[in-house]
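Each remark here refers to the structure printed beneath this line.
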Amino acid sequence: MAEVPPDQPVKDAKRVQSLVYEALERNQTLPVAMTSLQIQGGNNTRSSFLRAQVDDLLSRPYTVRTLLQALDDSAKRLNSFGIFKGVAYGLDLAAPQENLPGVVALEGTLLLQEASTKRLRTGTDVGNGEVSAYASGALLNVFGGAESLTIDANIGSQRRSSYIVNYSTPIKNSHLWRADISGVASSSNKEWASHEEVLRGLRAKAVGPGAFGGTQEIGYEAFWRTVTGVKAHASESVRAAAGDSFKSSVFNTWTLDKRNDPLFPTEGFSIKLKNEVAGYLPNRQGDIQFMKGEVESQVAKSFWKENVTISLTGRGGLLWSFMKDGKTNIVDRFVLGGANDVRGFYLNRMGPRDEEDSVGGEAYAAGGLSLFSRLPGVTHTSPLRLHLFANAGSLLGLNRENPRETIAKLFKEPSVAAGVGLIYKHPVARFELNFTLPIAARASEFPRKGFQFGLGMSFL
């Protein structure tokens with residue numbers, strides 16, 4: 001009797017499955033149904049979680065084409081949780097089902113290869129007036145339902161220390177909605193306003209699909225904020241802000257991003273709306289009360305086979321105090337200026353000033369027009385581009401008796417700068433080295449002529 005090779009059953013099974021697929025491919029409109037599904041792998045993942053992702057595939061009428069599309073969509077859903085590095089489906093013929101006359105019965109197999117449940121990253125960041133070192137560790141699939149526990153630590157020149165512990169979990173096993181709960185502790189050097197700022201608190205939010213195909217964040221945060229380390233030369237405004245304050249707020253962020261690349265878009269547009277209301281929750285009002293709104297938008301268009309790209313970006317915001325005296329806290333005010341927003345000005349050195357301190361404002365508007373061009377002799381796919389830009393911005397204190405007058409001033413008397421430089425698109429960040437030339441600036445502001453280096457994920 002001839003000896004059967006040990007891998008022969010596997011080869012036979014693959015050959016049978018290949019024949020099944022060939023038959024199905026030749027009959028795209030054939031009515032089929034998947035009557036059973038076996039799951040192989042995924043030992044660290046709860047069966048109830050997996051079943052919630054795949055049960056809707058069973059015993060439903062399909063054609064071959066629609067079933068294969070449903071399996072592909074299901075695989076993408078499972079991959080979106082970030083806990084698998086391999087997801088595949090297999091199909092075999094099954095026994096005919098009396099309750100499915102005229103339908104070819106199939107039995108499916110879900111093959112899962114789990115990703116590592118531990119991740120650790122370390123590195124350094126340089127840019128926007130900040131030099132920092134970071135470490136990030138994560139535990140994935142903590143309880144077998146795509147949960148994650150992340151700890152981030154960051155130590156830098158401006159943000160002296162930042163520690164964030166975040167727990168994230170799908171809401172009701174959904175691949176669309178997640179709930180995040182974070183604990184935050186940070187200490188930052190606000191050198192433009194001669195003090196340090198310490199934050200300690202909690203943030204909880206739900207993230208999911210929003211209107212018009214966008215994404216939505218809805219949440220609550222409670223933060224104890226301390227203005228401390230006031231310098232000897234600090235202004236009266238900064239000295240008056242020293243001490244503690246408690247903020248209890250709800251917030252909502254809606255984002256629609258249709259850009260082909262968020263770091264360096266060559267086509268598409270994006271819109272982001274942010275709203276926050278503080279001090280109006282029952283029994284937990286805190287001692288800070290305000291309403292704050294911001295809007296940000298960008299449009300990018302390429303010409304001449306993407307050799308030239310034009311980008312137009314706009315931002316604006318308004319802060320309205322509900323305090324009896326109508327004053328706002330320096331921690332909550334907007335700041336403006338620097339390599340990542342209005343180039344040609346020192347970091348956060350635009351807007352109202354008290355002595356040598358830039359103390360922020362309650363209303364701002366900023367816009368930037370950039371032209372990116374391929375350098376002569378450089379290939380089309382090179383991440384290096386020539387950059388020509390002009391940007392403008394205004395940051396003002398709000399005239400509460402006549403807010404419209406403040407809004408009109410934002411656009412009538414902007415500070416302006418222009419320049420030329422180089423852009424390098426790295427896979428995780430964008431680098432800019434520009435020569436900036438301030439054209440117009442308010443007397444209270446600190447313009448910067450010369451080279452300016454920026455690193456980040458978002459630029460004006």
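Using the rule -39500 (n - 2.57) for each DSSP H run of four or more residues, divided by the residues of the chain, the 222 nm mean residue ellipticity is -4000 deg cm²/dmol.
The structure-derived value of Cα extents along the principal axes in Å appears in the list (1) 96, 61, 52; (2) 80, 57, 36; (3) 97, 63, 43 under the label (3). Working from Cα pairs under 8 Å separated by at least six residues, relative contact order for the chain is 8 percent.
Beta bridges per DSSP, both residues in the chain: antiparallel share near 95 percent. Where does the Debye-calculated log10 I(q)/I(0) of the range 33-72 sit at q = 0.33 Å⁻¹, using only Cα point scatterers of equal weight, no solvent? So the normalised log intensities work out to -1.17.
Peptides 248-259, 52-63: what's the order by average Cβ count within 10 Å, highest mean first?
Details: 248-259: 17.0, 52-63: 15.0.
Ranked by mean Cβ neighbours within 10 Å, highest first: 248-259, 52-63.
Just add up the charged neighbours of L460: K/R +1, D/E -1, any other residue whose Cβ is under 9 Å from the Cβ of L460.
Details: positive: R315, R343; negative: D341.
That sum, taken over residues with Cβ under 9 Å, equals +1.
Peptide packing for 217-225, 338-346, 91-99 was compared via the average number of neighbouring C-beta atoms within 10 Å per residue; ordered from the highest value, the list is 338-346, 217-225, 91-99. Of the listed residues L386, L336, the order by accessible area with a 1.4 Å probe, largest first, is L386, L336.
Expressed as a fraction of 2.2 N^0.38 Å, the rule-of-thumb size for a compact globular protein of N residues, what is the C-alpha radius of gyration of the range 259-363? List each step's numbers first, then the result.
Numbers: Rg = 18.1 Å, N = 105, 2.2 N^0.38 = 12.9 Å.
Dividing the Cα Rg of the range 259-363 by 2.2 N^0.38 Å gives 1.40.
Classify the range 168-323 from the C-alpha gyration tensor, please: rounded if a/c falls under 1.5, else prolate or oblate depending on whether a/b exceeds b/c. Here the range 168-323 falls in the oblate category.
Expressed in Å, the radius of gyration and Dmax of the Cα atoms of the range 192-267 are 18.7, 52. Accessible area per residue was computed with a 1.4 Å probe on protein heavy atoms; L50 scores about 10 Å².
Here's the picture: a label point sits 7 Å out from the Cα of K258 along the beta-carbon direction, and within the range 286-320 the residues with their amide nitrogen under 17 Å of it are 296-302, 311-314. A simple spin-label model places the labels of D55 and I271 3.8 nm from each other, with each point 7 Å out along Cα-to-Cβ.
For I181 and Y280, what does the FRET efficiency come to when R0 = 35 Å and r is the distance between their Cβ atoms, rounded to the nearest 0.05?
Here the calculated transfer efficiency is 0.95.
Spin-label model, R77 to S47: label points 7 Å out along the Cα-to-beta-carbon direction sit 2.0 nm apart. For the range 398-460, the Cα-based Rg and Dmax, in that order, read 15.9, 48 Å.
Using alpha carbon coordinates only, what is the Rg to Rh ratio of the range 25-171, with Rh defined as the Kirkwood radius?
Details: Rg = 21.7 Å, Rh = 18.2 Å.
Here the Rg-to-Rh quotient is 1.20.
As a fraction of the 1.4 Å probe accessible area of the range 385-460, surface on carbon and sulfur atoms comes out at 64 percent.
Inter-label distance, V295 to A153: 4.3 nm, where each label sits 7 Å from its Cα along the C-beta direction. Once the chain from K172 to F303 is taken as fully extended at 0.36 nm per residue, the excess over their C-alpha distance is 42.6 nm.
Quick one: length gained pulling D244 to Y424 fully straight, 0.36 nm per residue minus the C-alpha distance? Before the final figure, lay out each step's value.
Numbers: separation 180, 0.36 × 180 = 64.80 nm, distance 4.17 nm.
Contour length minus Cα-Cα distance gives 60.6 nm.
A cut-off under 10 angstrom between Cβ atoms defines the neighbours of R315, and their net charge, with Lys, Arg +1 and Asp, Glu -1, is -2. Only Cα sites of the range 338-378 enter the Debye sum here, all with the same form factor; the resulting log10 I(q)/I(0) across q = 0.18 1/Å is -0.64, listed in q order. Once the C-beta distance of A88 and L375 is scaled by a Förster radius of 56 Å, the resulting FRET efficiency is 0.80 to the nearest 0.05.
With only Lys, Arg, Asp and Glu charged, each at its Cβ (+1 for the first two, -1 for the last two), find how big the charge dipole of the chain is about the Cα centre; round to the nearest 20 debye. Spell out each step's value before the answer.
On the way: 52 positive and 46 negative charges, 143 e Å.
I would put it at about 680 debye.
For S382, put the label point 7 Å out on the Cα→Cβ axis and report which residues of the range 417-433 keep their amide N under 19 Å from it. Counting backbone N atoms under 19 Å from the label point, the list is 420-427, 430-433.
The values are calculated or read from the model by the stated rules, or taken from the named source; none is laboratory data. For clarity, every value in this text was computed on a predicted model and none was experimentally measured. Reconstructed Cβ throughout: ideal geometry from the backbone, glycine too, with neighbour counts over all protein chains shown. Each accessible area value is taken on the protein alone, full model and side chains, heavy atoms only, with ligands, DNA and RNA left out. Shrake-Rupley method; radii C 1.70, N 1.55, O 1.52, S 1.80 Å.
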